[in-house]
Amino acid sequence: AAMLLARLQEETQKILIFCFKTRQRLLYGACRLEQCRKKFLTIYIICGEDGEPSVVAMVYPFTGDHKQKFYWGHKEILIPVYKKMDDAMTKHRDADVLVNFASLRSAYESTIETMSYPQIRTIAIIAEGIPENMTRKLILLAQEKGVSIIGPATVGGIKPGCFKIGNTGGMMDNILHSKLYRPGSIAYVSRSGGMSNELNNIISKATNGVLEGVAIGGDRYPGTNFMDHIMRYQSDPKLTCLLRVFLIFIFFIFQVKMIVLLGEVGGVEEYDVCQALTDGRIDKPLVAWCIGTCAGMFTSEVQFGHAGSCANSDRETAAAKNKALSEAGAHVPTSFDALGDVIHDVYDSLVQSGVIVPEPEVPPPTVPMDYSWARELGLIRKPASFMTSICDERGQELNYAGMPISDVLKRDVGIGGVVSLLWFQRCLPPYVCKFFEMCLMVTADHGPAVSGAHNTIVCARAGKDLVSSLVSGLLTIGDRFGGALDGAARQFSEAYDTGLHPMEFVNAMRKKGQLIMGIGHRVKSINNPDMRVKIIKEFVLESFPAHPLLDYALQVEKITTSKKPNLILNVDGIIAVSFVDLLRHSGSFTREEAQEYIEMGSINSLFVLGRSIGFIGHFMDQKRLKQGLYRHPWDDISYVLPEQYTN
């Protein structure tokens, strides 16, 4: 009894190691991290696994070492990502499988590097289009090192309840539909990755499900062939009758009872299977079919989708190989449509003979659906965190307020047109766009002495970057510098709307002790006019359909300049009142919309945008001139200290 118990424990341990080897030892190599996010941990959500993830690490050479977040069932976990392969191998010495998602340009080099580590025993190469001479070199090196290669040009493989490679099995709904969340009794090998997913569906309907499935890839020289996997299925561990009494459940789950082969036109690998059937090396039931029988309907040879799916002789045709497989003892249907029926008949005979003991179907656990997928299906909704009505980058082309960016360029709307689209959600008339551009040009700069430019220069000379220097200048914009546009617009429009005579308006502001925004200049006067003001005024008077507020402001200017010649309508004032006339009389805005734009502070936006051009110019100028740290001179500072401390 003691010897029997020891034997039982030893065999049980061997079986469990075999069953969970993939689940416990896996290194997930990837050169496309965005692909990995979508292909990782899908099947574990519904397998009821309580252990640790199969994937121990990822290799992504384009960033530094970090951790990537993934879902593990209902919770989120962190998987380490390494820049160098050597770091991943050193820190995870128990990993012996690598899935290579590198592109065809780097798959060869990364696979060669992987095989330099003895711990790796299996490599799956997803890339399609690797040159055949490189593939043959990989196969030769893999044989020398005893490494199994799945691929290239493969969708991968799957071991239900354990692990899936890449897109094998499809999306979650297909995994549930094909019962790929728990192992069955059927193992298959296919060339085509797409057809392997169809096999998952066929086998799930005709039998108790898939135990393991591999797509070896459609290239002319696959890393492993049909026989490599079929013989592995054939030698799948069998238990003695004595152990079967104690381990009937494990025996049922983990033994291949039936094999399915899905070949295709081209190549002669299927004849090796025929020979193995004939000499008895394969004694498990084998259902086989080679697709591509329609090639015989063409008068010339046809190259199908895969690089290797082209018959170069009669022996490589699908019809010839199907005939040879049937004569060798395989169960071959009359057509692909009958493949499911034949699989079901063979499976049913195994059930009747007691080789397969079906277990009651256990409902899969609840599957959490990703938010993005659920929303696409229209199953959920939630309030958006942000709303936007000016731009949409989600389609094939960037869209400005309903206008594709290609049309923006073709119609040559200019900067003024872009401003009208993004600020006001509409394409405004050409004279309005021209007005915007004129305002940007005349407000772009006013020398290095003004506070905004001064701040930008000081910040640049302190060694700060462009954004920091620009922001330091922009932060000075307010009621005293540049920010008078909004104030001028409000003051003049309120006075005009309430019917105040220009003289009444001036007197009312004087009684309040308030300055009239947009009136006055430090240097310019009625005798030394500001050319910027003159240019804009002439354009507005000539181009705008109506300009009552500008006319009102010019009457105010006559009154203020009669008192003091420098109390002229300045750049802020002319832009502000003209902007209000534009909003109210261009025909593009309602009176309510015009007032809303005035109140939200949009008029000052032209000064902010225009002056940013000048601030950036000052920053670049200081950097170009190699100016050092600025220190204000003592003789320009008046030091006034309290008298009690100076004696």
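Observations on the model:
- Top-ranked residue of segment 350-374 - restricted to ones that are at pLDDT 85 or above and open to solvent by 60 Å² or more (accessible area, probe 1.4 Å), ranked as farthest from Met171 (Cα to Cα): Ser353
- When segment 78-106 is limited to residues that are open to solvent by 80 Å² or more (accessible area, probe 1.4 Å) and not in a helix (DSSP H, G or I), the one that is farthest from Arg191 (Cα to Cα) turns out to be Leu78.
- Subset of segment 132-147 [touching a helix residue (DSSP H, G or I) at 6+ places or on another chain (Cβ under 7 Å) and either in contact (Cβ under 8 Å) with a residue 60 or more places away in the chain or outside any helix (DSSP H, G or I) (or both)]: Leu138
- Ile405 of a type outside the set (Phe, Trp, Tyr), open to solvent by 50 Å² or more (accessible area, probe 1.4 Å) and touching a Leu at 6+ places or on another chain (Cβ under 8 Å): no
- Matching residues, segment 431-472, being in a helix (DSSP H, G or I) and under 36 Å from the mean Cα position of the chain (by Cα): Leu466, Val467, Ser468, Ser469, Leu470, Val471, Ser472
- Number of the exception - Val189 against (1) modelled with pLDDT of 95 or more; (2) in a helix (DSSP H, G or I): (2)
- Residue count, segment 259-296 (criterion: without any contact (Cβ under 8 Å) to a residue 60 or more places away in the chain, surrounded by fewer than 23 Cβ atoms within 10 Å (Cβ to Cβ) and touching a Leu at 6+ places or on another chain (Cβ under 8 Å)): 2
- When segment 107-131 is limited to residues that are closer than 15 Å to Met58 by Cβ and in a loop (DSSP other than H, G, I, E, B), the one that is most open to solvent (accessible area, probe 1.4 Å) turns out to be Ile126.
- Qualifying residue in segment 355-372 (condition: out of contact with any Lys or Arg (no Cβ under 7 Å at 6 or more places or on another chain), farther than 30 Å from Leu583 by Cβ and assigned to a helix (DSSP H, G or I)): yes
- Among (1) in a helix (DSSP H, G or I); (2) over 16 Å from Leu485 (Cβ atoms) - the single one Asn528 does not satisfy: (1)
- Test: residue in segment 375-396 that is out of contact with any strand residue (DSSP E or B) (no Cβ under 8 Å at 6 or more places or on another chain) and outside any loop (DSSP other than H, G, I, E, B): yes
- From Met89, Met85, residue being out of contact with any Gly (no Cβ under 9 Å at 6 or more places or on another chain), touching a residue at least 24 places away in the same chain (Cβ under 8 Å) and more than 29 Å from Met369 (Cα to Cα): Met89
- Of residues in segment 546-559 being in contact with a helix residue (DSSP H, G or I) (Cβ under 6 Å, 6 or more places away or on another chain) and touching a residue at least 40 places away in the same chain (Cβ under 8 Å), the one most open to solvent (accessible area, probe 1.4 Å): Gln555
- If you filter segment 479-523 down to residues that are among the polar types (S, T, N, Q) and either in a helix (DSSP H, G or I) or on the phi > 0 side of the Ramachandran plot (or both), you find that the one that is surrounded by the most Cβ atoms within 10 Å (Cβ to Cβ) is Gln491.
- Residue in segment 428-438 that is farther than 20 Å from Ser578 by Cβ and among the hydroxyl-bearing types (Ser, Thr, Tyr) present: no
- Subset of segment 534-545 (residues that are open to solvent by 30 Å² or more (accessible area, probe 1.4 Å) and not charged (D, E, K, R)): Ile535, Phe539, Leu541, Ser543, Pro545
- Pairs are defined by a Cβ separation below 7 Å, a sequence spacing of at least 6 or placement on different chains, a first member in segment 353-370 that is closer than 15 Å to Gly161 by Cα, and a second member that is open to solvent by less than 60 Å² (accessible area, probe 1.4 Å) and part of a loop (DSSP other than H, G, I, E, B); the pairs so defined are Pro364/Tyr181; Pro365/Gly48.
The values are calculated or read from the model by the stated rules, or taken from the named source; none is laboratory data. These numbers were taken from a predicted model, which means no experiment stands behind them. Every residue, glycine among them, receives a Cβ derived from its backbone with ideal geometry; neighbour counts consider all protein chains shown. Calculation scope for accessible area: heavy atoms of the full protein, side chains included, ligands and nucleic acids excluded. Shrake-Rupley method; radii C 1.70, N 1.55, O 1.52, S 1.80 Å.
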